[in-house]
1. Report, in debye and to the nearest 20, how large the dipole of the protein assembly as shown comes out about its Cα centre when Lys and Arg carry +1 and Asp and Glu carry -1 on their Cβ.
2. Distance between Cα centroids, the range B:381-450 to the range A:101-147: provide it in whole Å.
3. On each of the three principal axes of the Cα atoms of chain B, give max minus min coordinate, whole Å, ordered largest first.
4. Give me the dipole magnitude in Debye, nearest 20, for chain A about the Cα centre, with unit charges on the beta carbon: positive for Lys and Arg, negative for Asp and Glu.
5. Taking every pair of Cα atoms in chain A, average 1/r, invert it to obtain the Kirkwood radius, and report Rg/Rh to two decimals.
6. Net charge within 13 Å of B:Glu403 by Cβ-Cβ distance, Lys/Arg positive one each and Asp/Glu negative one each, not counting B:Glu403 itself?
7. If I measure Cβ to Cβ between cysteines in chain A, which ones have no partner under 4.7 Å?
8. Collect residues whose amide H, placed 1.01 Å from N in the peptide plane, falls under 5 Å from the amide H of B:Leu124; neighbours closer than 5 in sequence don't count.
Amino acid sequence: MDVKHEMIKVYISGELFHVPEGSTIIMALEYAGFQLKKGIGCREGYCGACATVYREKGDYKLKGGLACQTVVTDGMAIAMIPFVPAEKPIYDLNDLTPDVGTFTQLFPSVFRCVSCNTCTKSCPQDIEVMDYVQALIRGDIAKAADLSFDCIRCGLCALRCPAEIVQYNAGILARRLYGKYLSKNSSELDARLKELDEGKFVKEIEELKKMPDDKLSKKYYSREIKIS
Amino acid sequence: MYPEYMMESIKKVEQTRPHRLELAKKLGKQVFPRMGEQERADILADYHPDYKDDALRELRIGPNKNDKIINEVVDVMESYPRDYPETFDLNKVDIETDVLIIGAGSAGLSAAIEASETDAEILLITKLRLGDSNSMMAQGGIQAADQTDDDPVLHYLDVMGGGHFDNKPELVDALVMDAAPSIKWLEELGVMFDKNEDGSMMVKSGGGTCRNRMHSTRDYTGAGICRVLRDEVYNRPDKIKYIEYTAATELILDDKGQCAGAIIYHLESKQYSVVKAKTVIIATGGFGRLHVRGFETTNHYGATADGLVIGYRAGAKLMFMDSVQYHPTGAVFPEQIVGFLCTEKVRGLGAQPVNKDGELFVYPLEPRDIEASAFIRVCENNLGVTTPSGLKGIWLDSPLIEELSGEGTIEKNLPAMLRQYKRFDIDIRKYPMLVFPTLHYQNGGLEIDANAETTIPGLYVAGEASGGIHGRNRLMGNSQLDIIVFGRRAGRNAASKVKTGIQLGKLSLKHVTDYIKEVEELGIDKKQIAPIILPDYIPDHVKAKQLSSEFQGTLF
Ligand SMILES: Cc1cc2nc3c(=O)[nH]c(=O)nc-3n(C[C@H](O)[C@H](O)[C@H](O)COP(=O)(O)OP(=O)(O)OC[C@H]3O[C@@H](n4cnc5c(N)ncnc54)[C@H](O)[C@@H]3O)c2cc1C
Ligand code: SF4
Ligand code: SF4
Ligand code: FES
């Protein structure tokens, strides 16, 4: 890109670099000469690999954010956190029930939440983290699943939690329990599975597989379109 | 926020909006006529990047010698290995396993889960972390014909038509027939599909589909699936071993020509290990980071075609590597998100593409190659909008969505999109998004059969790295489907093949030695090496001072 940018100062792990204004933290690191091997994944805010803490000039607060989604400011001090050594209980979803008991057993730490809201404030996805933790304490799995839905597992909440809760691991369990046990079955899906088991469609597909391109093309262009 | 001069154009979009809203209310998606067969062929020939004279060139080496394929892919194919076969003592095996899976997107993760249903030993290696992949990034949806008015036969027709009838029929058969069971499998693992009160699936249409068949998990469909698969892998530590931040850099064969493992490279410690495996699954995904024709990409950082390179060197055949999928709607403004995907679901929900004067110019949901070509045509005819950094784009009129379906529709259905733009001060409920085609998907890949196996015994390929399923153009939602369908097939078949009692002979890298000879004969510069592993975005003036950077365009 050939736009002229002002250069600004940033401190990467304490070292001073000059980088173009408007860069995201990832772009700034690359401009400074780092070829990243850790702390980077999708580069678009979906994978949570790029958790970073930073402090802006004149601010006493330590903030957290995604390096691929946060624009650098002049004087910003940056430290990336490519890995959070958090605890993850092992379970077999088939043995679990979608209730509070499961969390008492697998995530006893959840019940130590002191409602300080630090997690919510540190979430780069603007998730009401504390609220989903509280929902779990009440045994409201559906609510926790819903509220935690946009979690990308960046780890920033757990890093700051005074009660040592690993919110995101509890969150995914809630969502999996919801998906498997609490959401209603689709009767259409079940009916289709039955039809497939009975071998329906096999013959028709076999015919299409053998059909010459021109015939298939005619069939394709003349198929009825029913979308909304 | 948009600069003043772009706001001028937005005003025109606002002026035409009421009329377009009326049209949409009356005609649904049919606000502009669909193109017929001839029109499609013409616009592709005139505007699609693949059809430019210099897009392709002849590959001079390996099983697809003399085929014309994408330039940037020829470059990585006609490259030297990172390290020479003599470097490795294959008599000293560092790790031994039954099934080696390379790559941990949803294809690799599904393969691992399915393989772990047997008693085979499984090793999963990936160069970033588990799940850091294209799979995690999909927003729009996953196709499956599970509705009453739909069936796998119609799905089959759509896949073939979208792919211009070049697809391998046996693979399409597998894809559409395994679709509903795959959705069920995912739901049993705890994926939260979007549903109506009564449990029925909320399904939408997508480019090139004749029915509403797109299942979603809000606009985090890829993550909704991939993070569940990853959690399941974490939960099977006794059965699935995994190593992160480690890339496969070469396949190992045995003296009988069977696939027998891989050389892997630990990125931080820069050590190599020799892995001996009875079967190998390549699930390394696509090639967006090759930036074909200089295009920006939607792909994750590790999408560098590594699997193609190592598979090809070992003798596996490529299929359809003459076509690239450009997603019609990549962001071109603001600069920090250039190339990022604006999911097709935005159009699925009713947003219309319009030119700088706010005029409709194409049916919003043509197959991707057609839609992308239409956008390029508008921009080449100076009816697009130019950004401050010189990129061109057309408007995707997102505010229309809420006018059609009510306030809150965007927040509910496109939370990821809304957030993405909000981070950079644009509210897509009020202002349209400026978009242009972006390099999105590798249509072709290593050829497989319906078992996901290649012509090399014991070598399987699943997911975006494979070729044949989608012909020369994939439809939205069929990739998320294929990674599950063929990931599972690969895992199951690779594990059951182990059970048949594979006897591996002497491990060998002779195929690499032979390959090097051919590359040398072509007079290729020694600095040209592959697999790339991770791209290099360090600016040239900095690079010039990094004297230890041995290799061009890749990891050092
Ligand atoms: C932004 C975006 C949106 C999309 N939206 C949709 C959608 O809505 N619907 C749809 O159907 N499809 C969509 N797609 C396409 C689809 O998501 C991908 O094609 C699919 O997920 C590919 O899955 P995969 O497992 O084959 O590869 P990936 O998910 O990319 O995984 C490949 C893995 O292999 C690793 N790897 C690569 N090379 C090596 C190596 N040498 N050694 C070790 N590991 C390696 C990578 O790091 C990565 O973890 C989208 C893609 C993108 C990028
Ligand atoms: S909930 Fe925690 S792990 Fe998830 S995105 Fe927010 S801060 Fe990151
Ligand atoms: S940071 Fe920890 S203790 Fe505080 S509200 Fe969040 S979960 Fe509760
Ligand atoms: S790199 Fe994936 S969220 Fe930033």
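Every number in this text was worked out from the coordinates using simple rules, so none of it is lab data. Note that this is a predicted model, so its numbers are computed, not measured. Counting neighbours? That spans all protein chains shown, and the Cβs are built from the backbone with ideal geometry, glycine included.
1. Working: 95 positive and 112 negative charges, 180 e Å.
Dipole magnitude for the protein assembly as shown comes out near 860 debye.
2. Computed from Cα coordinates, the inter-centre distance equals 32 Å.
3. Ordered largest first, chain B gives principal extents of 73, 57, 43 Å.
4. Computed charge dipole of chain A: roughly 120 debye.
5. Working: Rg = 24.7 Å, Rh = 21.4 Å.
Rounded to two decimals, Rg over Rh is 1.15.
6. On the way: positive: B:Arg17, B:Arg20, B:Lys25, B:Arg429, B:Lys430; negative: B:Glu14, B:Glu22, B:Asp397, B:Glu402, B:Glu407.
Local net charge: 0.
7. Cysteines of chain A left without a disulfide-compatible partner: A:Cys50, A:Cys68, A:Cys113, A:Cys116, A:Cys123, A:Cys151, A:Cys154, A:Cys161.
8. B:Ile101, B:Lys241, B:Tyr242, B:Ile243
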